[in-house]
Amino acid sequence: MNAMVILQKCGQSGKTFGIRVQQMEDGEWYETWAFPIDEARAGREGYTSMNIKSCLPQTAEYPGCPYCGTKGWFYDSNCKKISCYHGGTRHSCPWCGGEYDDIAPSQDKLDFSGGDL
């Protein structure tokens, strides 16, 4: 079984959490679990050592953000990190502070790393 952890940041709390992703039989990587973790521990755990290309679909068991509960995420193409997304056409990235308007969903496979702290 191929599995790894990528990092996401909650825009409401500003806290980081890990998302366990697992490669399924169809070859796609699915979000399967989420858990609170601080950035220093994530770096020590080696969550920055793997890369995947995926649309990141979710399993039925995926619980969402442990802080705000959302299952939506926004991929910032500038800092290449993901954050909680609650819908709408405007988003502020809690990683880099980037401001985005006119957000549209994408079905493209994106490049994700284990965290890139």
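What the phi angles of segment 87-97 give under the Karplus curve with 6.51, -1.76 and 1.60, with θ = phi - 60°, is a coupling list of x, x, 10, 10, 8, 10, 7, x, 7, 10, x Hz, glycine and proline written as x. Summing +1 for each Lys or Arg and -1 for each Asp or Glu among the other residues whose beta-carbon sits under 12 angstrom from that of Lys71 gives -2. As a fraction of the 1.4 Å probe accessible area of the chain, surface on carbon and sulfur atoms comes out at 46 percent. In summary, the aspartates and glutamates within cross-link reach of Lys109, defined as a Cα separation below 13 angstrom excluding same-chain residues under 8 places away, comprise Glu28. Accessible area of Asp108 (1.4 Å probe, protein heavy atoms only, ligands and nucleic acids ignored): about 100 Å². Available extension along the chain between Lys71 and Cys55 is 4.4 nm, counting 0.36 nm per residue and deducting the alpha carbon span.
Of the options [x] 0.97; [y] 0.93; [z] 0.95, only one is Rg/Rh (Cα atoms, Kirkwood Rh) as computed from these coordinates, and that is [y]. Taking the Cα centre of segment 1-48 as origin and assigning +1 to Lys and Arg Cβ atoms and -1 to Asp and Glu Cβ atoms, the resulting dipole is close to 340 debye.
For Tyr62, no residue 5 or more places off, or on another chain, has a built amide H under 5 Å of its own.
Once you mark the trypsin sites (Lys or Arg not before Pro) that are in a DSSP loop and have at most 15 other Cβ atoms within 10 Å, what is the longest gap between them in the chain? Free of exposed loop sites, the longest segment is 1-70. The residues of the chain present an accessible area of 55 Å² per residue when probed at 1.4 Å with all protein chains retained.
The values are calculated or read from the model by the stated rules, or taken from the named source; none is laboratory data. What you see is a predicted model, and the numbers here were worked out from it, not measured in a lab. FYI the Cβ positions are ideal-geometry reconstructions off the backbone, even for glycines, and counts take in every protein chain you see. The protein model used for the area step is the full one, side chains on, heavy atoms only, and it has no ligands, DNA or RNA in it. Shrake-Rupley method; radii C 1.70, N 1.55, O 1.52, S 1.80 Å.
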